[in-house]
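Q: I have a structure I would like to understand better, so I am pasting it below and will then ask my questions one at a time.
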Amino acid sequence: MNEIEFINITKEFSGFYANKNINLAVKKGTVHALVGENGAGKSTLMSILFGIYEPTSGIIKIKGNPTIIKNPSQASDIGIGMVHQHFKLVDVYTNLENIILGSEFTKAGNILDLNKSRIKIEIFQKTFNLNFDLNQKTGEATVATQQKVEIMKMLYRDADILIFDEPTAVLTPQEIDELLKVIEFLKQKGKTIIFISHKLWEVKKIADEVTVIRHGQVVKHYPSLKNISISTIANDMVGKHIVEAKNTDHSFSDEVVFKLENVTFEKLKNVNLEVRKGEIVAIAGVEGNGQEELEQIITGIRKPENGKIIINNRNGEKDITSLGVKKKNKEFISVIPAYRHKHGLVLDYTISENSIIRRLEDSHMVNKFTKIIKRKNQNKFSQEITDLFDVRGTNEGTSLARTLSGGNQQKAIIGREILTDHDFLLVVQPTRGLDIGAINYIHKQIIDEKAKQKAVILISYELDEVISLADTIAVINKGEILGKGPIDSFTREQIGLLMAGIKQD
Ligand SMILES: Nc1ncnc2c1ncn2[C@@H]1O[C@H](COP(=O)(O)OP(=O)(O)OP(=O)(O)O)[C@@H](O)[C@H]1O
Ligand SMILES: [Mg+2]
C-alpha cells in the first residue's frame, strides 16, 4: 500500500523550478531513498511533505487521502517527522527538553510532567536502541547524539512517516553503521522511511526502492535494487560518467609555509606538524580525536595553551600563536571550516555579501576611510565564485545564503576561500554533504591548489578522501599524531590501525 504519494508536485521559487511535476509513491514499511545532485530538489520536496513549503501545484496523498499540509505542526499531527539536513535544536536545553519542546505533557494546574515524558522516551530508547543521556545539555552533545535526539523527537510525536535528509553526512563511519541499524529497526516496526543520501553504498545497503531526481525532475525510479550497481545510480544522478580525481604527483618544495610546534590545547598533546609549499598534508582520524581543536587553534577561534603556531607567508616568517581570527585573515590564510553554518556563512546575508565577509579590511572591497562596501567589486567577485565553482541557485548573488541547497552553500564557501588570495589553506571536511560530481570537482580544486604551490592541510574523516588527496598523511588519535609520512608508505590497514590507536613497530 502507498503510504505517501506525490502527484505532479511542482515548486517554483520566483521563476526557478526546484521541483517539476514530481510523481513518486512510497510504500508503507519500506525505506525509499531519494538521490540526486546538490540542488536537485530533494530537500524542497521533503519540505513540501513536511509543510514548510506549499507546492505551487500538485497534490500529496497520505494513506490514499489527498492532504494539504499547511505547516510542520500539522505534519506532525498526521504522523510525519523529519530529521533536517541541519538540526533544529536548542543548545542550552537538555536532550529531554528538546525532545518534548512543543508537545509537553502537563499535570493538573498546567505544570510540566517531565516524568511521564521521560518514561515514554525511555521505552523508545530500549525499543529502537537509541541510547543517550536525557539530562545532558544538547549543545554539549556530539553530533551523533543530537541526531538521536532529533530521531527521538519524531518517535515521541508518534510519527510513522520518517524523513531523513542526509542523516549520515555528519556522522563517522561507526556512527553511520549504528544509524543504519536504527533505520532498519524502525522499518521492521512498520515505519515508512524516506532516506536522502549522497553515499550510494548506504543507499544500496538499506533502501528498498530508489528514486533519482535531477534538476527538479524524476529521472529514474528503481522499484528494487537487485542487480542495480552503484555506478549505474551515480550515472543517473549526474547524467554522465564520472572519473575520480586523484593526486598522483607527490613532489613538493622544501619551504615550510605553516607549522605547529609542540602545540597543546585541550585534547591536543604536543602536536608538531608542518606543511610545505605545494604539499597536501592530510590529517586522518576518527572524529573527536582532536580535529576540532586543531581547527580552532589554526583559525584563531581559540589559543593554544602551549606551543607555537608559525606562518611563513610571502611576507616572511611570523609567530601567529596568539592572533585571533580577524588578524589571521591578513596572514594569507584561507579556511574551509567544518561547520559551514557556524563558521562559513552568515545565513541571512546574500550570497554576494557572503563572498566578502572575510575581506572587510581589503581596500579592494571596502573603502578604507568611509568603510563603504564597493558593491561592484563585491558582485563581480561573487559572480566569479558562482561561475567557477558552479554554485547553483544564487540568483546573481541576490539569494540569501540560507536558501541555497546544502551542497551549494559548501561550494560557495570553497570558492570564496580558494579565490581569496592565500598562501596556506586549511580544509576541514570539505565534501560533507556533496554529491559525487561536486566531490570530484572539489578534489580537483584541492589538487590544483597544490599545483599552484599553496600549502594545504586537509582534515578529513573520510579515509578515501585522504588517500586520494594526500602527499603526506598524519594520523591523529586522542590528540596525538601517532604516525606521519608519505602517503605511499602506509597501507590502508596500517592507517586504519593507527586511527584506532594501535601503533606497530
Ligand atoms: N526558499 C528558497 N528560495 C529560492 N530558492 C530555493 C529555496 N529553497 C531552495 N531553493 C533552490 O531550489 C533548488 C533545490 O534545492 P534543494 O535544497 O531542494 O536541493 P537538494 O537536492 O536538497 O540539494 P543538496 O543535496 O545540496 O542538499 C536549489 O537550487 C535551491 O537554491
Ligand atoms: Mg538538501
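Q: Could you tell me the relative contact order of the chain? Use alpha-carbon pairs under 8 Å, at least six residues apart, and round to a whole percent. Walk me through the numbers on the way to the answer.
A: Numbers: 1005 pairs, mean separation 78.9, N = 505.
Reported relative contact order: 16 percent.
Q: From largest to smallest, what semi-axes in whole angstrom does the chain give when each is the square root of 5 times an eigenvalue of its alpha carbon gyration tensor?
A: In descending order the semi-axes read 39, 27, 24 Å.
Q: Moving on. Of the trypsin sites (Lys or Arg not before Pro) in region 191-287, which ones lie in a loop per DSSP and count no more than 13 other C-beta atoms within 10 Å?
A: K226, K240, K246
Q: Quick check: net charge around I439, other residues with Cβ under 14 Å of its Cβ, Lys/Arg +1 and Asp/Glu -1?
A: Local charge sum for I439: -3.
Q: While we're on this one: So, in nm, how far is label E122 from label N71 when the simple model puts each one 7 Å beyond its Cα toward the Cβ?
A: For the pair E122/N71, the computed spacing is 3.4 nm.
Q: How high is the relative contact order of region 244-372, in percent, counting Cα pairs under 8 Å that sit 6 or more residues apart? Before the final figure, lay out the partial values.
A: Details: 156 pairs, mean separation 23.6, N = 129.
Relative contact order for region 244-372 comes out at 18 percent.
Q: At 222 nm, what value in deg cm²/dmol follows for the chain if DSSP H runs of at least 4 each add -39500 (n - 2.57) and the sum is divided by all its residues, to the nearest 500?
A: Rounded to the nearest 500, the figure is -9000 deg cm²/dmol.
Q: How much net charge surrounds D158 when only the other residues with a Cβ under 13 Å from the Cβ of D158 are counted, with Lys and Arg +1 and Asp and Glu -1?
A: Summing Lys/Arg as +1 and Asp/Glu as -1 gives +3.
Q: Treating each Cα of region 1-82 as an identical point scatterer and ignoring solvent, apply the Debye formula and state log10 I(q)/I(0) at q = 0.14, 0.17, 0.22, 0.26 Å⁻¹.
A: -0.43, -0.65, -1.10, -1.47
Q: How do F13, F252 line up, fewest other C-beta atoms within 10 Å first?
A: Values: F13 15, F252 19.
Going from sparsest to densest Cβ surroundings: F13, F252.
Q: A further question follows. How high is the relative contact order of region 1-150? Use alpha-carbon pairs under 8 Å, at least six apart in sequence, and give a whole percent.
A: Values: 201 pairs, mean separation 29.7, N = 150.
In percent, rounded to a whole number, it is 20.
Q: In nm, what is the difference between 0.36 nm times the number of residues separating T30 and K205 and their Cα-Cα distance?
A: My answer for the length gained is 61.7 nm.
Q: Where does the Debye-calculated log10 I(q)/I(0) of region 2-238 sit at q = 0.11, 0.16, 0.18 Å⁻¹, using only Cα point scatterers of equal weight, no solvent?
A: For region 2-238 at q = 0.11, 0.16, 0.18 Å⁻¹, log10 I(q)/I(0) is -0.56, -1.16, -1.41.
Q: In addition: So, in nm, how far is label D319 from label A108 when the simple model puts each one 7 Å beyond its Cα toward the Cβ?
A: 7.0
Q: Based only on other Cβ atoms within 10 Å, what is the fewest-to-most ordering of F50, F332?
A: Arranged by neighbour count, lowest to highest, F50, F332 become F332, F50.
Q: So, counting K/R as plus one and D/E as minus one, what does the shell of residues with Cβ under 10 Å around G41 add up to?
A: Residues close to G41 contribute a combined charge of +3.
Q: Assuming R0 = 35 Å, what is the FRET efficiency of D254 and D448, from their Cβ-Cβ distance, to the nearest 0.05?
A: After rounding to 0.05, the efficiency reads 0.95.
Q: Oh, and also: Could you tell me the calculated FRET efficiency between E54 and K478, based on Cβ-Cβ distance and R0 = 41 angstrom, to the nearest 0.05? Intermediate results must be reported in sequence, preceding the final value.
A: Working: r = 50 Å, r/R0 = 1.22.
So the FRET efficiency works out to roughly 0.25.
Q: Just the Cα atoms of region 1-137, one point each, no solvent: what log10 I(q)/I(0) does Debye give at q = 0.10, 0.17, 0.20 Å⁻¹?
A: -0.45, -1.04, -1.21
Q: Treat the count of other C-beta atoms within 10 Å as a stand-in for reagent exposure and order E122, E178 from fewest to most.
A: Values: E122 12, E178 17.
Ascending Cβ contact count within 10 Å gives the list E122, E178.
Q: By how many nm would the segment from I372 to K326 lengthen if fully extended, with 0.36 nm per residue of separation less the alpha-carbon distance?
A: 14.7 nm
Q: What does the convex hull of the Cα atoms of region 346-421 come to per residue, in Å³, rounded to a whole number?
A: 75
Q: Where the centroid of each part is defined by its Cα atoms, how far is region 137-176 from region 373-416 in Å?
A: Centre-to-centre distance over Cα atoms comes out at 30 Å.
Taken together, the values in this text are just the output of simple stated rules run on the coordinates, not laboratory data. For clarity, every value in this text was computed on a predicted model and none was experimentally measured. All Cβ positions, even for glycine, are placed from backbone atoms using ideal geometry, and neighbour counts span all protein chains on display.
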